[in-house]
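Each remark here refers to the structure printed beneath this line.
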Amino acid sequence: MPSLVSSIPSRGASEQSESIAPAAPFALPTGSTAIVYCEGLFGEQDGKTGNGLVRHSEKYEILSVIDSLRAGVDAGSFLDGAPNGIPVLASLAESISHAGRVPDYLICGLAPADGLLSDEQRIVLLDGIARGMHIINGLHEFLNDDAEFVAAAVLTGVTITDVRRPKAKRDLHLFSGRIFDVTCPRIAILGTDGAIGKRTTATLLVQALCARGIKAVMVGTGQTTLIQGGKYGVALDALVPQFCSGEVEHQVVAAFEGEDPDVIVVEGQGALSHPAYLTSAHIVRGSRPAGVIVQHAPKRKVLGDFPMMPMPTVASEIALIEAFADTRVIGVAINHEEMTEDELSEAIEEHRSQLGVPVTDPLTSPASDLVDMVLTAFPALAAVADTTSV
């Protein structure tokens, strides 16, 4: 989610015969300490990778965020109104000084629509390499194809990981129909725009369900989830479209066979109505969700990065989703960016009344709201929760 109003209180928290294996997006050197580079964009839509890593990371210990425009604040307080001890600092040198040594990784937390680095951003990442830091890059621009970066990495003996680089085409999967063997419910977190909080809601939902004794597994569909350490997933927007729905299906089947979950939560990308992104269509086709939660930011008037396009309404997005696939929308998640507490309460009540489905803000409302949304739609899961909590 983009920058949030600090006055709102935080909650505090293939082939049929083929052996399916979880995603193995990249192998890493030893060590886990990391600095996130998010200059000028932390808390904004195009800083969503950095935002996500500050909120949740299974793979890295995030020591600080680099953004000279927001330097001096606590990253958690800035994003969600709850301090998490991760400072936002002005430069790489300051971040290294704060760490007391050179951390293991410099992660590019930027996620611009074009997926490219500016000259200034290149300098910072090259500086990290010169200091002996491994680079984690989630952009469409693959640094392992850049002679300057490759030479710098060889000279200092570090690695560059291009998270979005797809597997060889021979290793990709077409849609096979194996999704019909997945017997547990799948819930997709879709939205009305990109960078609107779908991944955050998916993460919080999985955590909340597991806390209630319901075994939930997340399947990621973007680079940020893979960087965070997601076990199952694929950077969908880097694939040839022919393989997109098949790769989503493959990862859902892998999660089902590998974890035996009660429910699978699938991260959405963009929006089904979005003129520039088609990934939502592949997610719906590949995962065949029984239910959908739609993420919406009521204060947005135009699509992020596409100011010529007005935002859709939640009602129009729901109608499109339910016409496009054999599924139903089971609830709405509100992104409270630019909203006061009163405006948020009014928006939740208004959408609940107009749409006739449960509505919540995952970041400021109790986690039980998300769980109850799912249990209302899938009452059989309530029996699982009751059984395992006894």
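The values are calculated or read from the model by the stated rules, or taken from the named source; none is laboratory data. Since this is a predicted model, take the numbers as computed values, not measurements. Using ideal geometry, Cβ is built from the backbone for each residue, glycine included, and neighbour counts are taken over all protein chains shown. Ligands, DNA and RNA are stripped out before the accessible areas are found, and what is left, the full protein with its side chains, is counted by its heavy atoms. Shrake-Rupley method; radii C 1.70, N 1.55, O 1.52, S 1.80 Å.
Data overview
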item	result
Residue-by-residue Karplus 3J(HN,Hα) for the stretch 251-264, coefficients 6.51, -1.76, 1.60, Hz, glycine and proline x	6, 5, 5, 4, 5, 5, 6, x, 10, 6, x, 7, 7, 10
Accessible-area composition of the stretch 93-179, carbon plus sulfur, in percent [1.4 Å probe]	53
Top positive-direction residue, dipole computed over the chain with Cβ charges, set 130, 176, 329	176
For peptides 292-298, 56-62, sequence by mean Cβ density within 10 Å, most packed first	292-298, 56-62
Among 84, 52, 206 the positive-end extreme of the charge dipole of the chain (Cβ point charges)	206
MRE, 222 nm, helices only [DSSP H, n ≥ 4, -39500 (n - 2.57), over the chain, to nearest 500]	-10500 deg cm²/dmol
Using θ = phi - 60° and Karplus 6.51 cos²θ - 1.76 cosθ + 1.60, couplings along the stretch 365-375 (whole Hz; Gly, Pro as x)	9, x, 4, 4, 4, 5, 4, 5, 4, 6, 5
Solvent-accessible area, 1.4 Å probe, carbon plus sulfur percent, for the stretch 258-298	46
Average accessible area per residue (Å²) across the stretch 82-157 - probe 1.4 Å, nucleic acids and ligands excluded	44
Estimated distance in nm for a label pair at residue 210 and residue 299, the labels positioned 7 Å out from Cα along Cα-to-Cβ	3.1
Interchain or long-range residues, amide H under 5 Å from residue 61's placed H	33, 34
Using a Förster distance of 45 Å, the FRET efficiency for residue 102-residue 326 (Cβ separation, nearest 0.05)	0.30
Solvent-accessible surface ranking, highest first, for 167, 301, 48 at 1.4 angstrom	301, 167, 48
Whole-Hz ³J(HN,Hα) from phi, Karplus 6.51 cos²θ - 1.76 cosθ + 1.60, for the stretch 311-320, glycine and proline x	5, x, 7, 5, 4, 5, 5, 4, 4, 5
Amide H contacts under 5 Å for residue 66, placed H, 5+ residues apart	36, 37, 38, 89
Dipole in debye (nearest 20) - the chain, about Cα centre, beta carbon charges: Lys, Arg +1; Asp, Glu -1	620
Contour excess over end-to-end distance, with Cα ends at residue 308 and residue 90 and 0.36 nm allotted per residue	75.2 nm
Peptides ranked, highest mean first, by Cβ atoms within 10 Å: ranges 85-91, 220-226	220-226, 85-91
Prolate/oblate/rounded label for the stretch 174-221 (Cα gyration tensor, a/c 1.5)	oblate
Under-5 Å amide H pairs with residue 265, H placed in peptide plane, nonlocal only	187, 217, 218, 219
